[in-house]
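Below is one structure, written out as structure tokens; comments come after it.
The values are calculated or read from the model by the stated rules, or taken from the named source; none is laboratory data. From a predicted model like this one, the values you see are computed outputs, not experimental measurements. A quick note on method: Cβ atoms are made from the backbone with ideal geometry, for glycine too, and the neighbour counts reach across all protein chains shown. Note: accessible area is taken over every heavy atom of the protein model, side chains too, but ligands, DNA and RNA are not part of it. Shrake-Rupley method; radii C 1.70, N 1.55, O 1.52, S 1.80 Å.
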Amino acid sequence: MASDLAAQNRAHFNQVASTYDSDFEDALRSLANAVQARRDWIGVDWDGPVKVLDYACGTGVISRALEPYATKLIGLDVSEEMVAKYNAHARALGSNPEKMSALIGNLTDKENPPLEQFSDSKFFDFDLIVVGMALHHMEDPTYAISRLGERLKKGGVLLVIDKLLPLDIYDAEEFIGDAMKTSRHRGFAKGQVTTMFKEAGIDRRFDIVVLKEPIYIRRGALEMKWTLFFAKGERV
């Protein structure tokens, strides 16, 4: 049985999946562009085979940004509706399911171990694991980073993209709605992120960069501005 938080995330993102891409179109485009612009900084050898896990993948904006450069992309999400959207986007790209596909899964629930299917070797030895705009939805971010780090190959990179504190607006429940109920963290301070990676043991060649250009989340006349960070560390 999934934890309460996982169940809340599943219910919320199932509800918003059908309009997620259109509701956040500008922000998702900015995020994809930022990922592509920082491929060299990420530190993966893009000239060789690159196996990527897009964890809490949503509709797959980060996977789509990396699809031209990766050999294999696996998306995982607790929401079956988000997974369906991810796979629809992959088909629209013309990407073979053997190269890019998503499935329902949770690897970071402290109350419940991952399903037996995720003990298969294909869910290990990743060159890159990305957690994009999802860590703030997790109860224990350090635990999540640690568990995901175990699935990297030696020298593999864990990349976290999330909101940097302080936020211009961080308690506007009327703006975000039910998403506020699934967020355990309003965002993260740089020092906090550094500590999380260190405590998780994924801090070799650790680096964190703050995007100069914020992304904007708009809903009607309301607007929220988020400053994002990219943080990476390698598995020893």
### Query
All other residues with a Cβ under 15 Å from the Cβ of Asn112 taken together, and with Lys, Arg as +1 and Asp, Glu as -1, what is their net charge?
-3
#### Entry: Projected-area mean, segment 191-236, by convex hull of Cα positions, square nanometres
4.1
### Task
Mind listing the long-range amide H neighbours of Phe206? Cut-off is under 5 Å, sequence gap 5 or more, other chains count too, H placed in the peptide plane at 1.01 Å from N.
Glu234
### Query
Counting only heavy atoms of protein chains, what accessible area per residue, in Å², does the chain have with a probe of 1.4 Å?
48
### Task
Roll a 1.4 angstrom probe over the protein heavy atoms and tell me the percent of accessible area of the chain that is carbon or sulfur.
48
### At q = 0.07, 0.11, 0.16, 0.17 Å⁻¹, base-10 log of I(q)/I(0) for the chain (Debye sum, equal scatterers on each alpha carbon)
-0.20, -0.51, -1.21, -1.40
### Query
Separation of segment 133-149 and segment 22-55 by C-alpha centroid, Å?
19
### Summary
Residue-normalised 222 nm signal for the chain, counting each DSSP H run of n ≥ 4 as -39,500 (n - 2.57), nearest 500 deg cm²/dmol, is -10500 deg cm²/dmol
### Message
Testing the spin-label approximation: label points 7 Å from Cα along Cα→Cβ at Gln15 and Lys198. State their distance in nm.
### Response
4.0
### Task
Determine the sum of side-chain charges near Ala200: Lys and Arg each +1, Asp and Glu each -1, restricted to other residues whose C-beta is under 11 angstrom from that of Ala200.
-1
### Query
Quick one: length gained pulling Arg218 to Arg29 fully straight, 0.36 nm per residue minus the C-alpha distance?
66.7 nm
### Efficiency of FRET between Glu139 and Asp45 - r from beta-carbon atoms, R0 41 angstrom, step 0.05
0.75
### Message
Ignoring solvent entirely, what values of log10 I(q)/I(0) come out of the Debye formula for segment 1-60 at 0.15, 0.16 Å⁻¹ when each Cα is a single scatterer?
### Response
-0.67, -0.74
### Query
Taking the C-alpha atoms of segment 22-92, how large are the radius of gyration and the largest Cα-Cα span, Dmax, in Å?
12.2, 36
### Query
Which net charge results for the neighbourhood of Gly132, defined as the other residues with beta-carbon distances under 10 angstrom from its beta-carbon, given Lys and Arg at +1 and Asp and Glu at -1?
-2
